[in-house]
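As structure tokens, the structure follows; a few thoughts come after it.
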Amino acid sequence: MAIYNKVVNGIVTESIVADADFFNTFIDTTPGTWIEAFKDANGEAAKRYNYVGVGGEYDATADAFIMPCDYASWTLNTTTYKYEPPVAYPANGNPHVWNEATQSWDDVSN
């Protein structure tokens, strides 16, 4: 079993779990292409970098799935194909949320 994402104009519109043999008989007449996401030995996304769901992106040039980013200040790391904040997550053990207005992490432990 593997995860397959239907990609239309670079956006994942559907996601299914199926055997590769499924596509031998499956007929899909809607626009788009089914692209497999791969796991490595640890169950992590290996080829194509990330597992994404509906609304994720697919960069055909990099052959990478990319999760959407909610923050304009974050940049795409083209080694991991994950968005990263301009300031590292605090290592103090408390939960934090990103504050786009101040471009900093707000401690939400209180």
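Computed from the coordinates by the stated procedures, all read-outs in this text should not be read as laboratory data. This one's a predicted model, so the numbers in the text were calculated from it and none came from an experiment. So basically every Cβ, Gly included, is an ideal-geometry build from the backbone, and we count neighbours across all protein chains shown.
At-a-glance table
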{"read-out": "Segment S109-A20, length gained on full extension (0.36 nm per residue, minus Cα span)", "value": "27.5 nm"}
{"read-out": "Sequence of D63, D70 once ranked by neighbouring C-beta atoms within 10 Å, starting from the fewest", "value": "D70, D63"}
{"read-out": "Most mobile of Y89, Y51, Y71 in a GNM of the chain (Cα contacts under 10 Å)", "value": "Y89"}
{"read-out": "Sorted peptide list for 75-82, 101-108, criterion being average Cβ within 10 angstrom, highest first", "value": "75-82, 101-108"}
{"read-out": "Order of I11, I16 under a 10 Å beta carbon neighbour criterion, fewest first", "value": "I16, I11"}
{"read-out": "For q = 0.13, 0.17, 0.28, 0.29 Å⁻¹, Debye-computed log10 I/I(0) when each Cα of segment 2-68 counts as one equal scatterer", "value": "-0.33, -0.57, -1.31, -1.36"}
{"read-out": "Highest-fluctuation residue, P68, P85, P31 considered, GNM on the chain with Cα pairs under 10 Å", "value": "P31"}
{"read-out": "Cα-projected label distance for D70 with N94, points at 7 Å along beta-carbon direction, nm", "value": "2.0 nm"}
